[in-house]
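Scroll down for the structure; my scribbles are underneath it.
The values are calculated or read from the model by the stated rules, or taken from the named source; none is laboratory data. Keep in mind that this is a model prediction, so the values were computed, not measured. Here Cβ is always computed from backbone atoms with ideal geometry, including for glycine, and neighbour counts include all displayed protein chains.
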Amino acid sequence: MYLFSRCQWLVFLFLSTTVWGASFKAGVARVKITPPTPFWLSGYAARTNQASEVLQDLWAKALALEDAQGQRAVVVTMDLIGLPHDFSETVAGLVEKRYHLARQQLLLNCSHTHSGPMIRNNLEVLFDLNEGDLQHLTQYRDRLQDQLISLVGEALKDLSPADISRGVGKAGFAINRRQPNPGGVRIGQNPEGPMDHSVPVLKIASPGWALRAVLFGYACHNTTLGGNSYRICGDYAGFAQAELERLHPGAMAQFVILCGADQNPNPRGTVEHATQYGRELAQGVETALKGSLTPLEPRLRASFGWAQLAFAAHDRARFEQETASDNKYLARRAKLMLQAYAAGCPPRQLAYPVQAIRLGGEFTLLAMAGEVVVDYAVRIKREYGPENLAVLGYSNEVMCYIPSQRVLREGGYEPVDSMIYYGQPGPFSEKVEDQVMETVGQVLSQVGVRRINQ
Ligand SMILES: [Zn+2]
């Protein structure tokens, strides 16, 4: 056994030094982040109780990468709804201090499961929580912070030579959910709307060619299970990861959610649907793994930038009126806004992070924050053509939806109503898409990816 492994190792060294001169290194680590029950689940305002049982454990997983020159990055994925700004930046600051990874070298992505815990203070407008609830949430959040810091360290400790290749699969269960109606756009099904059914796949193999990790993505809300479900679960993304880990014992399957903010699984509502979509997505990944994968040159570059997204104009009078509204969510949001006005800092714009991690000379993880509609992925892939892009949403922090100009003009839940639950003052200004795209262009250009359709 030992001799055989050593033999393979030598063959790998020969191949990698012949082709690239040196190889990537990769390290993996995972930690269970299932909250204790009972616990408040996030995502659906309709829930009236805490979760009482666990259908599936939740995980945070880290993939550390190092190129032939020692450049590093760590991708951390979590079966969670989304992280608030201050939490992500605190984690990033501690990671920088402890492991000397700069901000652009740490990518955080949440699967957006709606059957996972609330992460304080993300979406706190959803529920009227008492002091005990808030303490409970704070304890979970503090523990999560410690777990994530240790997790990054574990993945870095695990760094060892690896071959990385990329491919693409397909899954078809996502449907555009912005259904046009005479009264405006409503959440439903819109088979004519834009969608992106591609499944980018990154294969991380040890020198013996054994699969160590597979990173894959899909553009669809992780909401197969509805607001009537009170069981903790990773939803379709959790089932897809579990299925791949069953098929490849010892390997880590890591899901990154793409620009699926206006996409829903269809049909949805049952555990059977969620397991079926998990299997379908895993099958899409399997097909890619068995197909022809493109090896990536062991070179890593990372960049990170902040856009400033302007909100549409708002004034105090509107919130004074809304504070007396029968709609409790509108009233809670108005209270937050009046506090901000009273403190002299009503939010006029929002700092928005964009990050790129490029592997080799042809594959880039573009990580965008918030709930990003699919128009961005379609446009970015068109404009940055030959580069193979995985355009991630829900990355680093989730502060609200990020509509395209088209979606903003059409109105409806994503660009307007959801801003109430997120405690934002109202919709973005019409410049939002331009402001996002300018920073996308800067961040991509810093890692050497150029726009083709000037
Ligand atoms: Zn969402």
* Asked: Can you spot a residue in segment 285-292 that is without any contact (Cβ under 8 Å) to a residue 12 or more places away in the chain and out of contact with any Phe, Trp or Tyr (no Cβ under 9 Å at 6 or more places or on another chain)?
  -> yes
* Structure fact -> Cβ pairs under 8 Å, 6+ apart or interchain, first in segment 183-211 and among the aliphatic types (A, V, I, L, M), second at pLDDT 95 or above and surrounded by fewer than 16 Cβ atoms within 10 Å (Cβ to Cβ), ordered by first then second residue, are Val185/Gly411; Val199/Lys170; Ala210/Gly250
* Pick from Val436, Val354, Val391: which is among the β-branched types (Val, Ile, Thr), surrounded by 24 or more Cβ atoms within 10 Å (Cβ to Cβ), in a helix (DSSP H, G or I) and within 18 Å of the chain's Cα centre (by Cα)? -> Val436
* To do: Could you please let me know if Asn130 is in the same structural domain as Pro267 (by TED's automatic domain parsing) and free of Cβ contacts under 8 Å to residues at least 12 places away in the same chain?
  => yes
* Going through segment 154-179 one residue at a time, which ones are in contact with a strand residue (DSSP E or B) (Cβ under 9 Å, 6 or more places away or on another chain) and more than 19 Å from Leu300 (Cα to Cα)? -> Glu154, Val168, Gly169, Lys170, Ala171, Phe173, Ala174, Ile175, Asn176, Arg177, Arg178, Gln179
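Pick out, from segment 149-196, the strands (runs of 3 or more DSSP E) lying fully within it that include 2 or more residues that are among the β-branched types (Val, Ile, Thr) and closer than 17 Å to Val416 by Cβ.
Fully inside segment 149-196 and qualifying: 184-187.
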* **Within segment 290-342, considering residues that are part of a helix (DSSP H, G or I) and buried (at least 20 other Cβ atoms within 10 Å of the Cβ), the one nearest to the chain's Cα centre (by Cα)** => Arg333
